[in-house]
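Here is the structure we will look at.
Each reported figure results from applying straightforward, stated rules to the coordinates on display, with no laboratory input. Please read these numbers as outputs of a predicted model, since none were measured by experiment. For neighbour counting, all protein chains shown are included, and Cβ atoms are generated from backbone atoms with ideal geometry for every residue, glycine included.
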Amino acid sequence: MVCTVTIGGRRHSGVVLDVSARGLFIQTNAKPTADEPVMVEMSVPNQKETLRLNARVRRVKVVPPQLLTVAQGGLGLEVENAPEAFYALLAGVQREKSSGSGAESSKSSKTAAKPRASKKKGASASPKQPRKAPAGRPKPAARSPERVAAPPPKPEPPKPKSARFRVRASQLTGSRSQSLIVSAASEQEARQQVLSELGEGWKILEVSPG
């Protein structure tokens with residue numbers, strides 16, 4: 001997504017390459033200092049209003065001059081204050097990633113090569129002739145194999161239905177809070193998903209149906 005980064009009153013153009021609950025990475029030629037506050041404005045698809053959020057520089061990627069023709073530098077930003085539309089955008093990106101990974105695995109399983117039976121050259125296709133019993137001796141009666149009934153298959157347990165939950169979390173040592181929308185089978189699973197995504201240093205304030 002195309003965006004504009006304002007640093008110290010100066011505006012710089014950029015492109016959002018990655019977005020997550022912890023922040024976002026923007027490809028731009030701007031070179032701020034670490035921990036410097038910035039304002040990001042970006043156009044979200046299917047939305048008329050421009051999304052504005054406040055962030056802070058956590059990482060500056062510098063590209064050597066001899067590589068500027070093939071790569072550009074960028075900024076790793078930590079989001080400090082964002083509107084609800086940003087978290088709705090984040091939830092949509094997470095759904096696209098999960099659905100994309102499932103489609104790729106299904107496609108790879110369908111296109112797996114089937115093993116081919118190898119045929120040896122010169123092998124005779126005619127079946128082996130049974131040995132004849134010696135003259136004067138009765139042939140032994142053929143025994144019918146005992147059939148063992150196969151056990152019935154075990155029924156699969158029903159899969160829990162997933163629902164949407166809105167989870168509000170805040171930092172343990174700070175005043176920053178975030179709201180995420182996740183799909184889970186229960187409120188406990190929704191809590192675990194959000195804590196796994198945000199990492200250490202966060203606590204859950206509220207879980208409500210989304």
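One table, with the values for the structure above:
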read-out: Within the stretch 1-88: Cβ-based charge dipole about Cα centre, in debye rounded to nearest 20 (Lys, Arg +1; Asp, Glu -1); value: 240 debye
read-out: FRET E, pair ASN54, LEU195, Förster distance 35 Å, beta-carbon r, rounded to 0.05; value: 0.90
read-out: Distance in nm between pseudo-label sites at LYS97 and GLU80 (7 Å out along the Cβ direction from Cα); value: 2.5 nm
read-out: Gain in span if fully extended, MET39 to ALA185, counting 0.36 nm per residue against the direct Cα distance; value: 48.9 nm
read-out: Over 32 Å between alpha carbons, listed pairs LYS61/LYS97; LYS97/LYS203; LYS48/LYS203; LYS48/LYS97; LYS31/LYS203; LYS61/LYS161; value: LYS48/LYS203; LYS31/LYS203; LYS61/LYS161
